[in-house]
Amino acid sequence: MYDGVKIYFKNLILKSKLKKEKNVIDYYSLVISNFSNKKVLIIDDKLPEYDKDSGSRRLNLIIKLLLKNNVGVFLLADFKEYKFKKDYLSYYKDMGVIVYEPSLNNSNDLITKREFIIQIINQMDLVWLHRPNIFYKYHSFIRKMSSTVSVVYDMVDFHYLRMMREANLKKDKKLECKAAAFLEIEVENCTKANKIIVISENDKKSLLEYYQDQSKMIVIGNIHDSIKLEKSFLPFEQRNNLLFVGGFDHLPNIDAVKYLKYKVMPLIWAKHPNIKVQIIGSNPTAEILNLEDYNFEILGYVPDLAIYFNSSKLFVAPLQFGAGIKGKIGQSLEFGLPLITTDIGAEGFDFGDFKTQMIADSPEDFSNKIISLYNDNDLWFKISEYSSNILKPFSSKIVLENCMNLFEKN
């Protein structure tokens, strides 16, 4: 009850502020005047931070594809009204997305998230609920407001699988129990959804062990189109350093960087002390920042990664647990940058004849393959050239086709 009272008064303060700003938005008129062939409401836990994490980058590119193909996109971030963050708001509005933001209607009443949904829901062809907790939170309300709209569950990755892998790695029984509880949520979501988006065939195969209706499942992975080589793409002999990219709100990335620093690099530095590592990623923890030394650089958030992908000699991703398609692997391949990763990092990618040279699952094997590829011009060039073939299943064309299939009625 106390929380409800607190929210009530905070929203009153917000309403007064919006009144002074004359922030009035008629969302119903906006949806009625949108003449797109199809309309979709996408709900995520935040406005997708396309430059900070792989899941947001994927959703941002999907939104661009939908808009380009005459689908009206309506976007809702699951912030409390009085805590709404306007970061990225202008970016999506300028793109042509109708984005919820706290505002007043023509009667000077506060438009809450739920009121926004009520105003637009009957004009939607699809509601896309992005991530398990978002589906779990919003599905019942969406279904209460509309019995006919198609509700899609985007798993992003199979969270249970990722959590169980971490639990097994760390021999953590509490985490194992937490994973089991999360599995119940994911299976319940699958049962309630009209359609289920799995990010890879690997995740689909794993999910089928716990939920068998594959007729509802559709694979919509990351979007990775090869970037044509430009003047900024440096040749092998002009490149230096190892590169890792990954946001540090994601536990597998924290673990991977620590593994790289403590398990892999000492074996490399014993033979090649001048090889430097550069670590890029938003929100580095104190633990990560403390890893920095003269040949292990923590750069944190970097807005433009192109210069690093175009000048590093190798990309490294020693992921010990995780699930789904790893966006960092696809990004490296977009730039034609050869990489070394683990079996978990490589899930969903077909490295063809180069699998042996690109995958390693022990510190010794990982370090040996880095040293080998770091010094082999011919092999480096062959893998770089082959990168575009690896990315063919992740092309914009294929992802768009699968996205549009979501609008087809069962």
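The values are calculated or read from the model by the stated rules, or taken from the named source; none is laboratory data. Keep in mind it's a predicted model, so treat the numbers as computed, not measured. Virtual Cβ from ideal backbone geometry, glycine too; neighbours counted across all protein chains shown. All accessible areas refer to the heavy atoms of the entire protein, side chains included, with ligands and DNA or RNA removed. Shrake-Rupley method; radii C 1.70, N 1.55, O 1.52, S 1.80 Å.
Remarks
- Residue check, Ser384 crowded, with 16+ Cβ neighbours inside 10 Å, small (Gly, Ala, Ser), more than 23 Å from Asp53 (Cβ to Cβ) and in contact with a Leu (Cβ under 6 Å, 6 or more places away or on another chain): no
- Scanning segment 333-363 for residues that are in a helix (DSSP H, G or I) and either under 17 Å from Leu319 (Cβ atoms) or open to solvent by less than 40 Å² (accessible area, probe 1.4 Å) (or both) yields Leu333, Glu334, Gly352, Phe354, Lys355, Met358, Pro363.
- Counted as qualifying within segment 1-68 are the helices (runs of 4 or more DSSP H) with 2 or more residues that are in contact with a Pro (Cβ under 9 Å, 6 or more places away or on another chain) and touching a residue at least 40 places away in the same chain (Cβ under 8 Å), namely 2-21, 54-68.
- Which listed residue is of a type in the set (Val, Ile, Thr) and surrounded by fewer than 18 Cβ atoms within 10 Å (Cβ to Cβ), from Ile280, Ile307: Ile307
- Scan of segment 283-300 for residues that are touching an Asp or Glu at 6+ places or on another chain (Cβ under 8 Å) and either open to solvent by 70 Å² or more (accessible area, probe 1.4 Å) or of a type in the set (Gly, Ala, Ser) (or both), ordered by number: Asn283
- Single match in Tyr100, Tyr92 (criterion: of a type in the set (Ser, Thr, Tyr), touching a residue at least 60 places away in the same chain (Cβ under 8 Å), touching a strand residue (DSSP E or B) at 6+ places or on another chain (Cβ under 8 Å) and surrounded by 18 or more Cβ atoms within 10 Å (Cβ to Cβ)): Tyr100
- Checking every residue in segment 223-236 against the condition of being assigned to a helix (DSSP H, G or I) and within 30 Å of Tyr294 (Cβ to Cβ) gives at least one match.
- Selection status of Asp87, of a type in the set (D, E, K, R), open to solvent by less than 40 Å² (accessible area, probe 1.4 Å) and under 28 Å from Lys326 (Cβ atoms): no
- The test for being open to solvent by less than 20 Å² (accessible area, probe 1.4 Å), among the polar types (S, T, N, Q) and over 30 Å from Ile398 (Cα atoms) does not hold for Ser107.
- Scanning segment 1-27 for residues that are surrounded by 11 or more Cβ atoms within 10 Å (Cβ to Cβ), within 32 Å of the chain's Cα centre (by Cα) and charged (D, E, K, R), we see that the one that is modelled with the highest pLDDT is Asp26.
- In this structure, Leu30 qualifies as touching a strand residue (DSSP E or B) at 6+ places or on another chain (Cβ under 7 Å) and open to solvent by 60 Å² or more (accessible area, probe 1.4 Å).
- If you check Leu208, Leu234, Leu267 for being open to solvent by 60 Å² or more (accessible area, probe 1.4 Å) and of a type outside the set (Gly, Ala, Ser), only one passes: Leu267.
- Flag if Leu391 is touching a His at 6+ places or on another chain (Cβ under 8 Å), surrounded by 15 or more Cβ atoms within 10 Å (Cβ to Cβ), more than 25 Å from Pro273 (Cβ to Cβ) and modelled with pLDDT of 95 or more: yes
- Filtered residues of segment 250-262 (kept if surrounded by fewer than 17 Cβ atoms within 10 Å (Cβ to Cβ) and more than 24 Å from Gly324 (Cβ to Cβ)): Tyr262
- Filter result for Leu65 (within 14 Å of Trp128 (Cβ to Cβ), open to solvent by less than 40 Å² (accessible area, probe 1.4 Å) and of a type outside the set (Ser, Thr, Tyr)): yes
- In segment 155-199, residue least open to solvent (accessible area, probe 1.4 Å) [restricted to those that are among the acidic types (Asp, Glu) and assigned to a loop (DSSP other than H, G, I, E, B)]: Asp157
- Val127 vs. criteria out of contact with any Cys (no Cβ under 6 Å at 6 or more places or on another chain), within 25 Å of Asp51 (Cα to Cα) and buried (at least 19 other Cβ atoms within 10 Å of the Cβ): yes
- Within the option set Glu237, Glu184, Glu209, Glu176, being in contact (Cβ under 8 Å) with a residue 60 or more places away in the chain and either among the acidic types (Asp, Glu) or at positive phi (or both) holds for one residue only, Glu237.
- Criterion: over 20 Å from Asn375 (Cα atoms) and either without any contact (Cβ under 8 Å) to a residue 24 or more places away in the chain or among the β-branched types (Val, Ile, Thr) (or both) - qualifying residue of Gly300, Gly281, Gly246: Gly300
- For the condition outside any loop (DSSP other than H, G, I, E, B), aromatic (Phe, Trp, Tyr) and in contact (Cβ under 8 Å) with a residue 24 or more places away in the chain, Tyr259 qualifies.
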